[in-house]
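The values are calculated or read from the model by the stated rules, or taken from the named source; none is laboratory data. None of the values given here were measured: they were computed from a predicted structure. Cβ coordinates were reconstructed from backbone atoms using ideal geometry, including for glycine residues, and neighbour counts include every protein chain displayed.
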Amino acid sequence: MSELTKRIITAIVGIAIFMLGMLYNQLTYLLLFLLISSLTLFEYLDVFNKKSYNFSKVPALALNCFAFLISAGFLGSSLQLQLGVFCVLFSTMLLLSLFKNEQKPFINFAIQISGLIYITLPFILTQLIDHHEKSLIVFGVFLLFWTNDTMAYFVGKSKGKNKLLERISPKKTWEGFTGGIIFTLIIATLLSYTLHIYSLPVWIACALIASIIGTMGDLVESMLKRSLEIKDSSAILPGHGGFLDRFDSFMIGFPFIYLLLHLVH
C-alpha cells in the first residue's frame, strides 16, 4: 500500500471519528479534545525521553487532564479558584522533582511546562469559546487547517519548485503555500454561506490565519524535529506520522483565531 493511500484512508477514518466526537454532544466534545491533547502531549514528552531526557510523563499528563476539568467547570466556575488550582498543580510538579533522582530536574520540568503551554493550552481554548454553536465553529476552523495542510501538500508535491524555508523544512515550497491559501479561502467562503454563524470577512480572516500562521506552526514542529534529529513524532497515524505531526499547525494557529472570534462575538 502506497503512502498516499495510507494517508487518504487514515484521513477518512480520522475525520469520521472526529466529526462524531465533536458533534454528538458536549461530553464527547470534551473527551475528544482531552484524548487528542493527551496523546499529543505524550508524543511530545516521549521524543525528549528518547533523546536521554529521562523523566516521568505522568505529572504533565495529569495536569493536562486537570486543565480540561477546570475548563469544563468541574472544579468550580470562579476564575480566581481555577487559576489558583492550576498554579498549585504547577508548583506541585516542581516540588515532586525534589524526590526524584533526575540528573537535570529543572530542564525536565521546563520541557514538561513547555509541552503544556504548546499543546494543552490551545486545545483548552476549544472548550472556552463562548457560543452555543461552538462545536460547529471549531469543526469549521479545523476544516480550514486541514484544507491548508492537505492542499499545500498536494500542490507542493505536483508544482513545487521554490523552497519556502529550506533550512527548516526542505519539502515546503512557495507554490504549496500559495495553493493552500487559495483552497482554504474557498472553504472559508463556503463556511460563511452554510453555517451562518460569522460573516464572510471573519471566515476569510480565519482562513488567512489557518494558512499563514498554521504553516508557520508546521515549521515550528519541523524545527523541533530537526533539533532532536527525528523524522516523525511517532508512526501511530499511517501516512501522517503522529498526533504532534497532525495538529502542529492548529496548536500555533488556533489561539489567534480564538482571540479573533472572541473580539467579534
(message) Ser91 - would you say it is part of a helix (DSSP H, G or I), over 18 Å from Leu121 (Cα atoms), polar (S, T, N, Q) and free of Cβ contacts under 8 Å to residues at least 24 places away in the same chain?
(response) no
Thr92 passes all but one of the listed conditions (1) buried (at least 16 other Cβ atoms within 10 Å of the Cβ); (2) more than 23 Å from the chain's Cα centre (by Cα); the exception is number (1)
Flagged in the stretch 108-130 as of a type outside the set (Gly, Ala, Ser) and under 12 Å from the mean Cα position of the chain (by Cα), in numbering order, are Leu116, Ile117, Tyr118, Ile119, Thr120, Leu121, Pro122, Phe123, Ile124, Leu125, Thr126
message = Criterion first (touching a residue at least 60 places away in the same chain (Cβ under 8 Å), surrounded by 18 or more Cβ atoms within 10 Å (Cβ to Cβ), under 23 Å from Ile17 (Cα atoms) and touching a Phe, Trp or Tyr at 6+ places or on another chain (Cβ under 9 Å)) does Ala210 satisfy it?
response = yes
Across (1) surrounded by fewer than 16 Cβ atoms within 10 Å (Cβ to Cβ); (2) in contact with a helix residue (DSSP H, G or I) (Cβ under 7 Å, 6 or more places away or on another chain), Tyr193 clears everything bar (2)
Every listed condition ((1) at pLDDT 90 or above; (2) outside any helix (DSSP H, G or I); (3) touching a His at 6+ places or on another chain (Cβ under 7 Å)) holds for Tyr198 save (3)
- Task: Determine, yes or no, whether Leu208 is assigned to a helix (DSSP H, G or I) and in contact with an Asp or Glu (Cβ under 6 Å, 6 or more places away or on another chain).
- Result: no
